[in-house]
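Q: Sharing a structure below in C-alpha cells format, with a few things to ask.
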Amino acid sequence: AECFLGYGVMPLYILYSEGKNIDATRAGEIARELSDIGPVIITTEIDFDSSKSDVLDKVSQQIEEMHAACSVHPDKKCMVALAQKMGDEAGVKKLFDAYPGLVDKVDLFVFGINTRYSNVQCGNPSALFLEASDFSGKMLYTYGKPSLIGYVMIEPGGTNLAGATNPA
C-alpha cells in the first residue's frame with residue numbers, strides 16, 4: 001500500500017475466495033492493518049452469490065467488521081466497498097433490505113466488467129461499457145454511493161447471461 005501511495009495511486013484490495021471462504025473476522029483484520037497506511041479501498045467478497053442468504057449474512061458481517069476497523073481513524077484512511085456482480089441491483093437491494101443501516105457503512109460500490117454477468121451481445125465492447133455505466137449510475141442514484149470498476153474480464157469462448165458466445 002505504501003508503495004502505491006508513494007506513486008499517488010490509491011490501492012484497491014479485493015477479497016475473493018470464489019465464495020468458498022467469506023471470512024468476516026479476517027476481513028476486519030485486513031482492514032485494521034491497512035487503516036494505518038491508507039487511504040485504501042477494501043472490498044467485500046467480490047462477485048458474491050446474492051441468491052444465498054448465508055452468503056448475504058457473511059458479506060454483511062464483512063461490511064460490519066471492515067467498517068468498525070476503518071472507523072478507528074477520523075480521517076477515513078480506509079474505505080469499505082460492496083463488491084457485487086455487475087448488474088445485480090436485486091442482490092444489493094436484498095442485502096440492504098435484510099440488514100437495515102448497512103448501506104451507511106458502505107462507502108462505495110466495486111464491480112467488475114465481466115462478460116459472464118453481462119446481458120449484452122458478446123463481442124460488443126461499447127455495449128458492455130454502456131451496461132457498466134448504466135449500472136454504476138443506478139447505484140449512485142439509488143444509494144448515493146459512487147462506483148469503481150475493479151477489473152475487466154472478457155472471456156474468450158465464454159457464454160454470457162444473454163446466451164451469446166464470445167469469439168475465441
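Coordinate-derived values only; no laboratory data. It should be emphasised that the depicted structure is a prediction, and the values quoted were computed from it without experimental measurement. Because the Cβ atoms are built from the backbone with ideal geometry, glycine has one as well, and the counts that use them run over all protein chains shown.
Q: Report, ordered by chain and residue number, the lysines lying within cross-link reach of Lys145, taken as a straight Cα distance under 26 Å and ignoring same-chain residues fewer than 8 apart.
A: Within the straight-line cut-off, Lys145 pairs with Lys52, Lys58, Lys76, Lys77, Lys85, Lys93, Lys94, Lys105.
Q: Ranked highest first by the average count of other Cβ atoms within 10 Å around their residues, in what order do 133-139, 110-116 fall?
A: The peptides rank, most packed first, as 110-116, 133-139.
Q: Can you run phi through the Karplus equation (6.51, -1.76, 1.60; θ = phi - 60°) for region 128-145 and list ³J(HN,Hα) in whole Hz, with x for Gly and Pro?
A: Whole-Hz 3J(HN,Hα) from phi for region 128-145: 5, 5, 5, 4, 5, 5, 4, 4, 4, x, 5, 5, 5, 5, 6, 10, x, 10.
Q: While we're on this one: 5 Å is the cut-off here: which amide hydrogens, built 1.01 Å from N in the peptide plane, fall below it relative to Val40, excluding neighbours closer than 5 in sequence?
A: It is Cys78, Met79, by chain and number.
Q: Here's a follow-up. Non-local amide H neighbours of Asp88 (under 5 Å, H modeled in plane, Pro and chain starts lacking H): which ones?
A: Those qualifying (amide H under 5 Å, at least 5 residues apart or on another chain) number zero.
Q: Sorted by average packing, counted as other Cβ atoms within 10 angstrom per residue and highest first, what order do 55-62, 97-104, 145-152 take?
A: Numbers: 55-62: 20.8, 97-104: 12.5, 145-152: 16.4.
Highest-to-lowest ranking by the protection proxy: 55-62, 145-152, 97-104.
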